[in-house]
Amino acid sequence: MKRLTQYAQGGGCACKIPAGDLERLLGSAEMPRPRDPAAVLVVGLETGDDAAVVRTQDGAVIISTADFFTPVVDDPYDWGRIAAANALSDVYAMGGRPVVALNLLCWPPDLLPYELASEVLRGGAEVAARAGCHLAGGHSVTDAEPKYGLAVTGTADPDRLLRNDTGRPGLPLSLTKPLGLGVLNNRHKSTGEVFPHAVETMTRLNADASRAALAAGIGCATDVTGFGLLGHLHKLARASGVTAVINASAVPVLDGAAQALREGFVPGGSRRNLDWVAPHLDHGDVPEETLLLLADAQTSGGLLVAGEIPGAPVIGELIENTGHTIIVRS
């Protein structure tokens, strides 16, 4: 069997452009706005949120996002499921409901048979169907590396959006999936070991968590993907003008992840995440091993919610701005 992860330099969301480089890139690019827009851009680039949100002239709210990446596991069907769940997560992270999606497929036909691509698409279709989201065609190109994901359009209640700039001091922080996906996926790529509990975590939709947050009246959330918990929390705290306190011992971690990290299976993306947030971090004597897990590049991770929802552990809180965006305590 061909190992898909061997045909990609990176894996999953760890293959993202580093957060600091991306912010400089977007900051230097001119983004003209329509002179006479038929719709109002409610959420755009300014806060680095999970998806774009537009309100149309009739008051409807549309959420738009796209996400694709290189293989994170060797099984093509599982990779398709993971990539689809990850793309749909951006809509859930905004408090929306996915309505329609388009496949985004890059494939090296001289290296990998189309039969494997068919399994990837089948996995994506299965997850989209489970989400109640139509999957209607898409776009494909030949490429030296295989890549797959979705462009997703969703809808939301204009008065019940989840955003990353609405955090306030005194709100608890909850996390709906454990960390450690990056190091386990890196171990899988290096050794071929399969971690079913990691696959189950990555293919689990964030739909229930999103609905629970809205039901609890929560207005601030983001999902935890390629920039790690620390990276996404840094963006949330910065956008909201607050400081986030994390109790490291309260953060759930997947079985085997700490051992994989100790044995050196740390994605380059996780180290880059930690380097990026380090100037904004007060971590006292918390060891680097713990910080690397908190910065671990997740693929299809959970929601980070400013509030409490059933089944999600509270891992910290938001406080008044102290000059650091994040304080990590043991």
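The values are calculated or read from the model by the stated rules, or taken from the named source; none is laboratory data. Quantities reported herein were computed from a predicted structural model and do not represent experimental measurements. When we count neighbours, we look across all protein chains shown, and the Cβ atoms used for this are built from the backbone with ideal geometry, even at glycine.
Per-structure values
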| quantity | calculated |
| --- | --- |
| Condition met for residue 39 (among the small types (Gly, Ala, Ser) and free of Cβ contacts under 8 Å to residues at least 40 places away in the same chain) | yes |
| Residue within the stretch 136-149 that is modelled with pLDDT of 95 or more, within 29 Å of residue 232 (Cα to Cα) and of a type in the set (A, V, I, L, M, F, W, C) present | no |
| The stretch 256-289: number of residues that are surrounded by fewer than 19 Cβ atoms within 10 Å (Cβ to Cβ) and under 19 Å from the mean Cα position of the chain (by Cα) | 3 |
| Yes/no for residue 89 being over 14 Å from residue 154 (Cα atoms), polar (S, T, N, Q) and either in contact with a Cys (Cβ under 6 Å, 6 or more places away or on another chain) or in a helix (DSSP H, G or I) (or both) | no |
| Count - residues of the stretch 302-330 that are surrounded by fewer than 22 Cβ atoms within 10 Å (Cβ to Cβ) and either among the hydroxyl-bearing types (Ser, Thr, Tyr) or in contact with a Phe, Trp or Tyr (Cβ under 9 Å, 6 or more places away or on another chain) (or both) | 2 |
| Verdict on residue 27 being modelled with pLDDT under 75, touching an Asp or Glu at 6+ places or on another chain (Cβ under 9 Å) and surrounded by fewer than 22 Cβ atoms within 10 Å (Cβ to Cβ) | no |
| Subset of the stretch 272-296 [assigned to a loop (DSSP other than H, G, I, E, B) and at pLDDT 95 or above] | 283, 286, 287, 295, 296 |
| Matching residues, the stretch 127-143, being outside any loop (DSSP other than H, G, I, E, B) and at positive phi | 137, 138 |
